[in-house]
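Structure record follows, encoded as structure tokens.
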Amino acid sequence: QAQRLGIHVTRHTAVADLDQAVALVHGLEQRHRSPRTPWVRRLLENLSLVDSTFLEARIGSRLVGCGSLLYDRGVQLATALGLAPDVPYVYFALIYEGIRAAIEQRASFLRWGSGAEAVKHQLGFTPEDNNHARVILIQPFLRPLLRLAGGQV
């Protein structure tokens, strides 16, 4: 479907249309009623300083989607996703290109966030159970307090 619509995704080491990319990211946040991410512009300005890839989805010369892929120790982290509100299938095109990039980078773990769970499930993603907190007590005399709070020692 993305090909039929003329959506073409390319990879870059820097962001060419910074203002357009930031507008797409903030527009998606607003549509999903997510808090505005104040550091998106700075992130996109400095992508070239870390192991990263910037994905651009275009129809002709129009930027209709974007996303940043950050790499560290075999993990791909997708962030700063932006999508035009009037163009379907851009998200799929970005995900497929992100998966291709992960394979080429030999990433063993992909973190694409918690949104669009049904779409990601269709593509084989599984939720990550990462909602735990750990307290490590250096002082042994504090351990009874942790037991009272219901924690494991």
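Heavy-atom accessible surface of ILE59, to the nearest 10 Å², is about 60 Å², with a 1.4 Å probe and all protein chains retained. Descending by average beta-carbon neighbour count within 10 Å, the peptides 91-99, 73-81, 45-53 line up as 91-99, 73-81, 45-53, the highest first.
Fully extending the segment from THR10 to GLN30, taken as 0.36 nm per residue of separation minus the present Cα-Cα distance, adds 4.7 nm. Label zone of ASP72 (point 7 Å out along Cα→Cβ, amide N under 20 Å): in segment 22-53 this covers 37-53.
Projected label points at GLN1 and ARG111, each 7 Å from Cα along the beta carbon direction, are separated by 2.9 nanometres. With N as its number of residues, segment 1-71 has a Cα radius of gyration that, divided by 2.2 N^0.38 Å, comes to 1.13. Taking every protein chain into account, the 1.4 Å probe leaves SER34 with about 60 Å² of accessible area, to the nearest ten.
Residues whose amide H falls under 5 Å from that of ARG111, counting only those 5 or more places apart or on a different chain, are GLN76, LEU77, ALA78, with hydrogens built in the peptide plane. Relative to the current alpha-carbon distance between ILE103 and ALA23, full extension at 0.36 nm per residue lengthens the span by 25.9 nm.
The values are calculated or read from the model by the stated rules, or taken from the named source; none is laboratory data. Remember, it's a predicted structure, so these values are computed and weren't measured experimentally. Please note: Cβ atoms are built from the backbone with ideal geometry, for glycine as well, and neighbour counts cover all protein chains shown. Surface accessibility is based on the protein's heavy atoms, side chains included, excluding ligands, DNA and RNA. Shrake-Rupley method; radii C 1.70, N 1.55, O 1.52, S 1.80 Å.
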